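Undergrad: First the structure, then my questions, so here it is.
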Amino acid sequence: FQYAAEQFGVLPHCRFKCNVSAMTIVGDKEAEDRYYELSVDSLDGGNKTTVPVSVMYNYPGSLTKNRIIEYPGESTFDGEIRYGMNDDTPYDKLGDTNVAILGNGAFAVENARTCIE
C-alpha cells in the first residue's frame, strides 16, 4: 500500500490511527456547495482535526458479513454511506467529490484505489 500510495501522491491524504468521532452537516440540503465536516481524533495522542468531505464511505466489514457501526449523526447524513461489498458502491457518482473511507484491510485499500482511479 505505502509504495503505491507514495507513487500516486495519495499517502499525504491518508490518515492512520484515528477515529471519526462526529459529523456535522454544513450548508442547506439543496445547496450545491453543501458538505460535511468530520471530527477526527488521533488514537496515538495527536491533535483532533476537522476534515471537510462531500462523500463518506464506511468499510468496517469482513469478507463475509458487514460489521455495522452506527456513527452519531448518521441518520441526518444525506450523502452516500456504503460498505464496499457486493457492488453496493456507486462509483459513477464519485467524480469531483471528496470521499472519506473508514475502516481498514483489503476493502478499504481496494476502495481507496478505485476512488482514485
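The values are calculated or read from the model by the stated rules, or taken from the named source; none is laboratory data. Note that this is a predicted model, so its numbers are computed, not measured. Neighbour counts are summed over all protein chains in view; Cβ atoms, including those assigned to glycine, are modelled from backbone coordinates with ideal geometry.
Undergrad: Spot the failing condition for Ser42; the list is (1) under 20 Å from Gly84 (Cα atoms); (2) at pLDDT 90 or above; (3) small (Gly, Ala, Ser), and only one is missed.
TA: (1)
Undergrad: For segment 36-47, name all the residues that are surrounded by 12 or more Cβ atoms within 10 Å (Cβ to Cβ), free of Cβ contacts under 8 Å to residues at least 40 places away in the same chain and in contact with a strand residue (DSSP E or B) (Cβ under 7 Å, 6 or more places away or on another chain).
TA: Going through segment 36-47, the residues surrounded by 12 or more Cβ atoms within 10 Å (Cβ to Cβ) turn out to be 36-42, 46.
Filter again for free of Cβ contacts under 8 Å to residues at least 40 places away in the same chain, leaving 37, 39-42, 46.
Within segment 36-47, Glu37, Ser39, Val40, Asp41, Ser42 qualify.
Undergrad: Can you say whether Phe77 is of a type outside the set (A, V, I, L, M), without any contact (Cβ under 8 Å) to a residue 60 or more places away in the chain and buried (at least 17 other Cβ atoms within 10 Å of the Cβ), as far as the supplied structure shows? Working first, answer last.
TA: Numbers: of a type outside the set (A, V, I, L, M): yes; without any contact (Cβ under 8 Å) to a residue 60 or more places away in the chain: yes; buried (at least 17 other Cβ atoms within 10 Å of the Cβ): no.
Spelling it out, it is not the case that Phe77 is of a type outside the set (A, V, I, L, M), without any contact (Cβ under 8 Å) to a residue 60 or more places away in the chain and buried (at least 17 other Cβ atoms within 10 Å of the Cβ).
Undergrad: Being modelled with pLDDT under 90, more than 20 Å from Leu94 (Cβ to Cβ) and not in a loop (DSSP other than H, G, I, E, B) is true for just one of Asn47, Asn19, Asn58. Which residue is that? Write out each step before concluding.
TA: On the way: Asn47 fails: not in a loop (DSSP other than H, G, I, E, B); Asn58 fails: more than 20 Å from Leu94 (Cβ to Cβ).
Matching residue, one of Asn47, Asn19, Asn58: Asn19.
Undergrad: Which of the residues that make up segment 22-46 are within 18 Å of Asn98 (Cα to Cα) and of a type in the set (Gly, Ala, Ser)?
TA: Ala22, Gly27, Ala31, Ser39 - these are the residues of segment 22-46 that are within 18 Å of Asn98 (Cα to Cα) and of a type in the set (Gly, Ala, Ser).
Undergrad: Please work out which residue is nearest to Gly73 (Cα to Cα), limiting yourself to segment 1-11 and to residues that are surrounded by fewer than 10 Cβ atoms within 10 Å (Cβ to Cβ) and either touching a Leu at 6+ places or on another chain (Cβ under 8 Å) or modelled with pLDDT under 90 (or both). Walk me through it before giving the result.
TA: The initial filter retains those residues of segment 1-11 that are surrounded by fewer than 10 Cβ atoms within 10 Å (Cβ to Cβ), namely 2-3, 7, 9.
Filter once more, so that each one left must be either touching a Leu at 6+ places or on another chain (Cβ under 8 Å) or modelled with pLDDT under 90 (or both): 2-3.
Values: Gln2: 32, Tyr3: 35 Å.
Restricting to residues being surrounded by fewer than 10 Cβ atoms within 10 Å (Cβ to Cβ) and either touching a Leu at 6+ places or on another chain (Cβ under 8 Å) or modelled with pLDDT under 90 (or both), the top hit is Gln2.
Undergrad: Something else: Hey, could you check segment 61-89 for residues that are of a type in the set (Gly, Ala, Ser), at pLDDT 75 or above and assigned to a loop (DSSP other than H, G, I, E, B) and say which is farthest from Val99 (Cα to Cα)?
TA: From segment 61-89, those of a type in the set (Gly, Ala, Ser) are 61-62, 73, 75, 79, 84; that's our starting set.
If we keep only those that are at pLDDT 75 or above as well, we get 73, 75, 79.
So of that shortlist, the ones also assigned to a loop (DSSP other than H, G, I, E, B) come out as 73, 79.
Numbers: Gly73: 17, Gly79: 10 Å.
Filtering first and then ranking leaves Gly73.
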